[in-house]
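Comments concern the structure below.
The values are calculated or read from the model by the stated rules, or taken from the named source; none is laboratory data. Note that the coordinates shown come from a computational prediction; the quantities given were computed from them, not determined experimentally. Every residue, glycine among them, receives a Cβ derived from its backbone with ideal geometry; neighbour counts consider all protein chains shown.
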Amino acid sequence: MPISAETIRTLHPSDLRVLLALERLMKRYRWVPREDLKGEAGFSDSETMYRLGRLMERGMVRFEKVPYDGYSLIFNGYDTLALHAVSEKGAVTALGEFVGVGKESVVYRGLGLSEVALKFHRVGQRSFQSARVKRGYLPQEGHIPWIFASAHSARQEYAALTLLHPAVPVPIPVVRNRNLVVMGWVEGATLNRCTVGEPAVVLDRILGHVAAAYRCGAIHGDLSEFNIMVDGDRVTLIDWPQWVETSHPNAEEILRKDLVNLLAYFARKYALQYPVGQAMAEVTG
Ligand SMILES: Nc1ncnc2c1ncn2[C@@H]1O[C@H](COP(=O)(O)OP(=O)(O)OP(=O)(O)O)[C@@H](O)[C@H]1O
Ligand SMILES: [Mg+2]
């Protein structure tokens, strides 16, 4: 169950205060003891319990006897904090329709100064959900892996968009907070869902964009028909969290894999033959 505008709207400032306190304490605990949470939020026991109840109902917090009463932030809660932060800044004024769930993200449409896409990175979700880690106290760094990995993924994607826009057609970067990247809304559909009239022209255009990114020092790293959006003549490269710099030791291999993927798609769907070597030269030349 992803977050909805409705669940966010019904949150009280005191709910948020407990959520924020929980986030801070998760630097120390995997399962935060109620006592600590009370102190951190500055609420009475009954107020804390009431707020936790509301947060659990909304799927933002999880309870576990570990064996003490422990509470943990889960993705809906983390997403909510990120969304709240960007709303405070005025970067997002409305959360719109749910666009879809990917392998490692949840995307919504939204409104800011213009139409935006909100991409909540959710990395390590499955392993986090299946792993029933009972140990409460985090002995070392105290980074909850999924929080760290998801925020890192969002930072990576935002860095790519900032580097590439406007030299390369990518979504316009608007703001990042925690695991959330807010970016310009791109019209159209992903390449796998279109049948283009002139595949050779579209492929040339894509290779031109990949070359432009390369000149900026970036290789996509997950290029495929699912991460290219098409709207008439416009082609936009999306989904950048796994990009690498052109100085990366495996840069050539990563670029080649991207191009092999792309060319295989055009060969399969449009019977268009384009040698990989030529595409490599096109991009790096
Ligand atoms: N800026 C955008 N404008 C419009 N739609 C977008 C935008 N960004 C993403 N989308 C839509 O959301 C879908 C998922 O986005 P994206 O490809 O970035 O992440 P993902 O595929 O979930 O990530 P992963 O590859 O890790 O599974 C896209 O296929 C596209 O339909
Ligand atoms: Mg994708």
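For the range 58-91: of the residues being in contact with a Ser or Thr (Cβ under 9 Å, 6 or more places away or on another chain) and surrounded by fewer than 18 Cβ atoms within 10 Å (Cβ to Cβ), which is farthest from E35 (Cα to Cα)? Looking at the filtered set, the residue picked out is S87. Can you tell me which residue is surrounded by the fewest Cβ atoms within 10 Å (Cβ to Cβ) among those in the range 154-176 that are under 18 Å from A85 (Cα atoms) and out of contact with any Lys or Arg (no Cβ under 8 Å at 6 or more places or on another chain)? Of everything passing the filter in the range 154-176, P173 is surrounded by the fewest Cβ atoms within 10 Å (Cβ to Cβ). Filtered by the rule that a residue be crowded, with 17+ Cβ neighbours inside 10 Å and either farther than 13 Å from L164 by Cβ or away from ligand 1 (no atom under 16 Å from the Cβ) (or both), the range 227-240 gives N227, I228, M229, V230, V235. Considering the conditions (1) more than 16 Å from ligand 2 (Cβ to nearest atom); (2) at pLDDT 90 or above, S130 is excluded by exactly one of them, (2).
Based on this model, can you work out whether L223 counts as touching an Asp or Glu at 6+ places or on another chain (Cβ under 7 Å), away from ligand 2 (no atom under 16 Å from the Cβ), outside the structural domain of A160 (by TED's automatic domain parsing) and within 22 Å of A281 (Cβ to Cβ)?
When the stated conditions are applied, L223 does not pass them.
D36 falls short on exactly one of the conditions (1) without any contact (Cβ under 8 Å) to a residue 12 or more places away in the chain; (2) within 24 Å of the chain's Cα centre (by Cα); (3) assigned to a helix (DSSP H, G or I), and that condition is (2).
When G217 is tested against (1) within 16 Å of ligand 2 (Cβ to nearest atom); (2) at positive phi, only condition (1) is not met. In the range 77-121, of all residues being touching a Phe, Trp or Tyr at 6+ places or on another chain (Cβ under 7 Å) and hydroxyl-bearing (S, T, Y), the one that is nearest to ligand 1 (Cβ to nearest atom) corresponds to S105.
In the range 58-78, the residue that is nearest to V18 (Cα to Cα) out of those that are over 24 Å from the mean Cα position of the chain (by Cα) and not basic (K, R) is Y71. A count restricted to the range 8-22 and to residues that are free of Cβ contacts under 8 Å to residues at least 60 places away in the same chain and assigned to a helix (DSSP H, G or I) stands at 8.
Counting only residues that are surrounded by fewer than 16 Cβ atoms within 10 Å (Cβ to Cβ), hydroxyl-bearing (S, T, Y) and more than 29 Å from the chain's Cα centre (by Cα), the range 241-285 holds 1 of them.
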